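Please treat every number below as a calculation from the coordinates, not as lab data. Every value quoted in this text rests on a predicted model; they were computed, and no experiment measured them. Because the Cβ atoms are built from the backbone with ideal geometry, glycine has one as well, and the counts that use them run over all protein chains shown.
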Amino acid sequence: MDAFFAAVEVLVDPYLAGKPVIVGGAGARGVVASCSYEARSYGVRSAMPSVRARRLCPVAVFVPGRYDLYQEHSRRLHAVLMSFTPLVEGISLDEAFLDVTGARRLWGEGRDIAAAIRAQVLADTGLSCSVGVAPSKFLAKLASEAAKPRAGPPGSPPSPGLGVKVVAPGDELAFLHPLPVGALWGVGPATRKRLDRFGVKTVGDLAAMPLTTVTGALGEAQGRHLHALAWARDDRAVEPDRTAKSVGHEETYAVDHHSLSTLHDEALRLSDAVANRLREAGVAGRTITVKVRFASFQTITRSRTLPRPVDGGAALARVSMELLEAVDPSPGVRLLGVSVSNLAPRPGEQMRLGEGDGGDGEREPAVARAVDEVRRRFGDTAVGPATLLRGDGLAVKRRGDQQWGPEAGTKRGQRVVDSPGLCEDSGSSGPG
């Protein structure tokens, strides 16, 4: 999708059309989640600190992300994709791979299918997308980037892109080798620095290097992987049923936390949200991990693997709090995260010898089911741990809530429109 989060915000609020829109955290610790092409013309990019984005584009309209809203539009998008082929591998809310080799008799060749998808996505969602057609996933991804609109000079409208870019069999290297080496998956700043020593600027430069030189510079696994990509070798199939390897939530705070009791409350809040997602997915996990980032940006993790998988908020919170006991928060904690891995389908609730006396082990699954049912009927904030009760209700963690940084000084349910001091009530359940 083209600037998906920003495009959705423009769709629901036409006032934003043609403006440099930045979706993300507007606070001092916020990051850019997405931005319109008008904002990109000023040099703003995703994952950029919001403070820097504001310096680059003082006239930007900041809008805090609303995950639920984007998720709803993503469902519509994926419904369109599934109408063309059941072989759809969603890799994010706004991006997917499709295997259409079996759909050509019905829909035509790749370019025809791509054009039909773009037209149907626009008709059903009101949003635009760019499509890459190629013999492999890797090349299709790069082709989709080549098909996208391009930002113009600051203050000018973007240039429309190709919409569809086809890399035909036999043309793979002609398309790939002129691209900058940073286009390859896995080439970040550290890898770029190593490759710079060898004068590698393009994918073709990397392909021309002997494999032994590449593995010597980057290591055996990464070197072989990138060298194969440089020669357009990617035999991965589209995986329609990819299963999640972990489920987690983390949050950056507007003000550092120095108290273990405060972190315990936050761990309970995060654990409740993680457990809810586990039960929604019908899975449970054995390994609980706590992530702590201090004011100095030093980041540590602490994990524990349990003998049996769990999916209850109370169980996750107990382990998370115990893991936090080994952490000294006095330097200041700016980010806390709780995640669960080692996932498996939720086991049957068979009672063990000694249970049945009304203890916590027996009650927790029943309580969790009751909480899930109440929230399904009356909303996320209808019921939750009493520890999370605040003056304005339950401080329940929602998926995507403050995902891109805290909005210091902005009330829940409001969104920044033109500056950190100007807000409007949006009725949103997203970060505020």
**Report entry** Residues in segment 125-156 that a label on residue 91 would reach, taking backbone N under 16 Å of a point 7 Å out along Cα→Cβ
**Finding:** 130-148
Report task. Quantify how much of the Cα-Cα distance distribution of segment 172-230 extends past 18 Å, in percent. Result -> 18 percent
**Report entry** Per-residue ³J(HN,Hα) for segment 18-23, Karplus 6.51 cos²θ - 1.76 cosθ + 1.60, θ = phi - 60°, Hz, x for Gly and Pro
**Finding:** x, 9, x, 8, 10, 9
Report task. Tell me the Kirkwood hydrodynamic radius of segment 58-165 in angstroms, computed as one over the mean inverse distance between distinct C-alpha pairs. Result -> 15.1 Å
Query - Phi to ³J(HN,Hα) by Karplus 6.51 cos²θ - 1.76 cosθ + 1.60 over segment 187-203, Hz, x for Gly, Pro - result: 9, x, x, 5, 5, 4, 5, 5, 6, 4, 5, 9, x, 7, 10, 10, 4
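Work out how much length residue 280 to residue 297 would gain on full extension: take 0.36 nm times their residue separation and subtract the Cα-Cα distance, in nm to one decimal.
Details: separation 17, 0.36 × 17 = 6.12 nm, distance 3.29 nm.
Taking 0.36 nm per residue and subtracting the Cα distance, the gain is 2.8 nm.
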Requested in this report: Arrange the following residues from fewest to most other Cβ atoms within 10 Å of their Cβ: 128, 259, 303.
Outcome: 259, 303, 128
Query raised in the report: Using the beta-carbon distance between residue 201 and residue 162 and R0 = 25 Å, what value does 1/(1 + (r/R0)^6) give for FRET efficiency, to the nearest 0.05?
Result: 0.55
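Report the extension gain between residue 104 and residue 17 in nm, rounded to one decimal, defined as 0.36 nm multiplied by the number of residues separating them, less their alpha carbon distance. The partial results should precede the final answer.
Numbers: separation 87, 0.36 × 87 = 31.32 nm, distance 3.69 nm.
Full-extension gain reported as 27.6 nm.
In segment 96-233, how does Rg compare with the Kirkwood Rh, expressed as the Rg/Rh ratio over alpha carbon atoms?
Reported Rg/Rh (Cα atoms, Kirkwood Rh): 1.05.
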Requested in this report: Measure off 7 Å from each Cα along the Cα-to-Cβ vector at residue 145 and residue 76, then give the distance between these two points in nanometres to one decimal.
Outcome: 2.9 nm
Query - Inter-site label distance for residue 372 and residue 262 at 7 Å from Cα along Cβ, in nm - result: 3.4 nm
Query raised in the report: In the structure displayed, which of 201/245; 137/165; 165/193; 141/201; 19/165 lie more than 24 Å apart, Cα to Cα?
Result: 201/245; 165/193; 19/165
Requested in this report: Starting at the first residue of segment 222-236, write each ³J(HN,Hα) from the Karplus equation 6.51 cos²θ - 1.76 cosθ + 1.60 with θ = phi - 60°, in whole Hz, x for Gly and Pro.
Outcome: 5, x, 5, 4, 5, 5, 5, 4, 5, 9, 6, 8, 8, 9, 5
